[in-house]
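A.B. asks: Okay, handing you the structure first.
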Amino acid sequence: MSRTMDDPASRTSPAPGGPAPAGQAPTAAPALRRLLDLLATGAATEDFAAVLAEARRRGAPAQVLAEIDDATWQALRVHRTLRQHRRRETELTALFDTAGDLAASRDLDSVLQAIVRRARMLLGTDTAYLTLPDETAGDTYMRVTDGSVSALFQHLRLGLGDGLGGLVAQTSRPYATPDYRADERFRHTGRIDAGVLDEGLVAIIGVPLLLGGRVIGVLFAADRSARTFSPDEVALLCTLAAHAAIALDTAKSLAETRAALAELAGANEVIRAHAAAVQRAEQAHDRLTDLVLRGAEVADVAAEVAALLGGEVSVHDAEGRPVSGRPVTGGQPAQALAASRAEARAVRHGSGWVCAVLAGQELLGGLALHGRPDLDDADRRIFERAGVVTALLLLLRRSVAETENRIRGELLADLLTAPERDPAGLTARGRRLGVDLARPHLVLVAESGTEGRARLAGAAARHLFGSRGISAEHGEAVVLLLPEDGTSPGRLARDTADRLARLAGVPVTVGVGRPATGPVPLAAAYAEGLRCVRALRVLGREGDGAAAADLGFLGVLLGDGHEVDPFVAATLGPLLDYDARRGTELVRTLRAYFDCGQSLTRAKDHLHVHVNTVVQRLDRIEALLGPDWNQPERCLELHLALRLQLLAA
């Protein structure tokens, strides 16, 4: 709201960064208030930069300009985050509206038109359309279009297997092309290319409408310029396609009911039962949709489905582990989820049923129904629709969790970088983000090879999804901060290494420090965990997890409070100094001698030198270290120092 001349603030506040009233030093307060006003009104990005420019034009001091510049950067970050949340809210609102249309409308045309229109709006494309197969003609046709200007394109008929839609229908997978006419992955025909050219389309994405493992249509979005579609856009379009498939399925059920009423006058009881089942499914979908709109959690949806179907319902993650409710009994739940995903419908599992929760082709988790060995078509349809609603909730939860983890990850990075700078500030900052650094925590350090480093951060975020832990990339590793829950640190490290390896698809090595409380001790615990990771690599235990206590005498040296460098220097110092001055390889020779079981022959082969050279070097080592260097106790000390020296290399 703009201030009037009667507003005292308007009379005393100068322009952003401008001259202060007489007797007062210039401050950045007016500019900061202006930035808050811009955030509150949802101003354009360019308006934020204008605040600094105005302050500079008015000759504000350098210190004030620096403060305004930093505040502008922070305001733009908040502006960007708010814009992302608004976009996600718009997408979810459109999906919920689509679900409401599906539950309330009997008009298939209006539902499909709404889905296509929302697909175009949410993806920001020039046009969107939906094709269905014509079993009589043996081809496919344009069922609904939105944004199309070409009559040729609107009445286009496609042969089975032709064009991008044919590829989607054949593979049951979504496909996108940034340039349709130049893409050779699918079969081009003159008729299709002419229609696409007349419409002026360039970038096209198509996703299948799946029903019972069968493709019953294809939903498209297209732009008249080159464009690359993101995975989020593909997942969103797949969810809309799932709604379209449900609409077609419901319309088919209603059509069958009407046909039965017209043709089988003697089957009134059967028809009434079928109509009641369809109505029950619609009412169930209404109840589930209402839960979503009221902000219910996944457990609330599971409880509602259990009440509708008269059984017990549990929710599981993508690996089959229970998130809500009791575990699945009788066989491997992950295998049942894979079967449901492949068939795109609920499948029988033991004495119950399992339904995969999908976002496009991505498996988000699953629903398990216990205590109902038999389901009729109506109940199974209710169960499968519950999977669609659960997918929407899990996508929303994952989006919120990823945003929160990014913000908390910044706290973790600051804690590891400079914990002693402001421990109290870090603790207060963590408390505001829901991380109580005053409680004991464990710091885990996870590393993988170069090829898997990019996937490790995402795997860590999925591993912590739904927990109170946070993760962040730091150096060449990913660091996880978890509240201590009584689990042995070594066991936790091993379990984490195993889970991250499954999620990332590459071996992951995990080290963990001792439990710590407060920023400075937590940073020390991180250093201990990092030393454990390096020790595991030197010991040839890549892909394993361990705490310092699990590494024997080596772990005692690596644990917090033990200095490794002085031990190495005291044990190998004469050899290290001699090699540094003379350019020799006494340390390398001694390491090879021990690694080869103190065999001169094997050592000379390992070093690729003559055996006399090995003997001469060992004589020099004896002269530097003393005649007892080859005694058992001294050998153990030297061997350990050589191992530790590798860690510091």
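The values are calculated or read from the model by the stated rules, or taken from the named source; none is laboratory data. Since this is a predicted model, take the numbers as computed values, not measurements. Quick reminder, even Gly has a Cβ in these numbers, built from the backbone with ideal geometry, and neighbours come from all protein chains shown.
Here is a yes/no grid of residues against (1) among the aromatic types (Phe, Trp, Tyr); (2) free of Cβ contacts under 8 Å to residues at least 60 places away in the same chain; (3) out of contact with any Leu (no Cβ under 6 Å at 6 or more places or on another chain):
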position: Arg181; (1), (2), (3): no, yes, yes
position: Glu184; (1), (2), (3): no, yes, yes
position: Thr189; (1), (2), (3): no, yes, yes
position: Gly195; (1), (2), (3): no, yes, no
position: Phe220; (1), (2), (3): yes, no, yes
position: Ser230; (1), (2), (3): no, yes, yes
position: Glu233; (1), (2), (3): no, no, no
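A.B. asks: Quick one: in region 35-58, which of the residues that are among the basic types (Lys, Arg) and in contact (Cβ under 8 Å) with a residue 24 or more places away in the chain is farthest from Ala75 (Cα to Cα)?
C.D. replies: Once the filter is applied, the top-ranked residue is Arg58.
A.B. asks: Something else about it: Answer yes or no as to whether Glu484 is surrounded by 18 or more Cβ atoms within 10 Å (Cβ to Cβ), in contact (Cβ under 8 Å) with a residue 40 or more places away in the chain and in the same structural domain as Glu542 (by TED's automatic domain parsing).
C.D. replies: No, not satisfied.
A.B. asks: Do you know which residues across region 282-325 are among the β-branched types (Val, Ile, Thr) and either assigned to a helix (DSSP H, G or I) or not assigned by TED's automatic domain parsing to the domain that holds Arg381 (or both)?
C.D. replies: Within region 282-325, Thr289, Val292, Val298, Val301, Val305 meet the criteria.
A.B. asks: Hey, another quick one. Have a look at Val520, Val506, Val533, Val510 and point out the one that is part of a loop (DSSP other than H, G, I, E, B), in the same structural domain as Glu451 (by TED's automatic domain parsing) and at pLDDT 85 or above.
C.D. replies: Result of the check over Val520, Val506, Val533, Val510: Val506.
A.B. asks: Can you name the residue in region 442-464 that is buried (at least 19 other Cβ atoms within 10 Å of the Cβ) and not in a helix (DSSP H, G or I) and, of all such residues, is farthest from the chain's Cα centre (by Cα)?
C.D. replies: The residue in question is Leu442.
A.B. asks: Within region 465-487, is even one residue on the phi > 0 side of the Ramachandran plot, in contact with a Gly (Cβ under 9 Å, 6 or more places away or on another chain) and outside any helix (DSSP H, G or I)?
C.D. replies: no
A.B. asks: Quick check, is Asn630 exposed (fewer than 13 other Cβ atoms within 10 Å of the Cβ), among the polar types (S, T, N, Q) and without any contact (Cβ under 8 Å) to a residue 40 or more places away in the chain?
C.D. replies: no
A.B. asks: So Thr589 fits all but one of (1) touching a Cys at 6+ places or on another chain (Cβ under 8 Å); (2) at pLDDT 90 or above; (3) not acidic (Asp, Glu); what number is the exception?
C.D. replies: (1)
A.B. asks: With Ala43, Ala71, Ala50, Ala66 as the choices, which residue is outside the structural domain of Met121 (by TED's automatic domain parsing), at pLDDT below 80 and among the aliphatic types (A, V, I, L, M)?
C.D. replies: Working: Ala71 fails: at pLDDT below 80; Ala50 fails: at pLDDT below 80; Ala66 fails: at pLDDT below 80.
From the options Ala43, Ala71, Ala50, Ala66, the qualifying one is Ala43.
A.B. asks: Quick one: which residue in Leu636, Leu625 is under 12 Å from Thr571 (Cα atoms) and loosely packed, with under 15 Cβ neighbours inside 10 Å? Talk me through it step by step, then tell me what you get.
C.D. replies: Details: Leu625 fails: loosely packed, with under 15 Cβ neighbours inside 10 Å.
Unique residue meeting the criteria: Leu636.
One line per residue, one yes/no per condition, for (1) assigned to a loop (DSSP other than H, G, I, E, B); (2) modelled with pLDDT under 80; (3) of a type in the set (S, T, N, Q):
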residue: Arg341; (1), (2), (3): no, no, no
residue: Arg345; (1), (2), (3): yes, no, no
residue: Arg348; (1), (2), (3): no, no, no
residue: Val354; (1), (2), (3): no, no, no
residue: Val357; (1), (2), (3): no, no, no
residue: Leu364; (1), (2), (3): no, yes, no
residue: Leu369; (1), (2), (3): no, no, no
residue: Pro373; (1), (2), (3): yes, yes, no
residue: Ala378; (1), (2), (3): no, yes, no
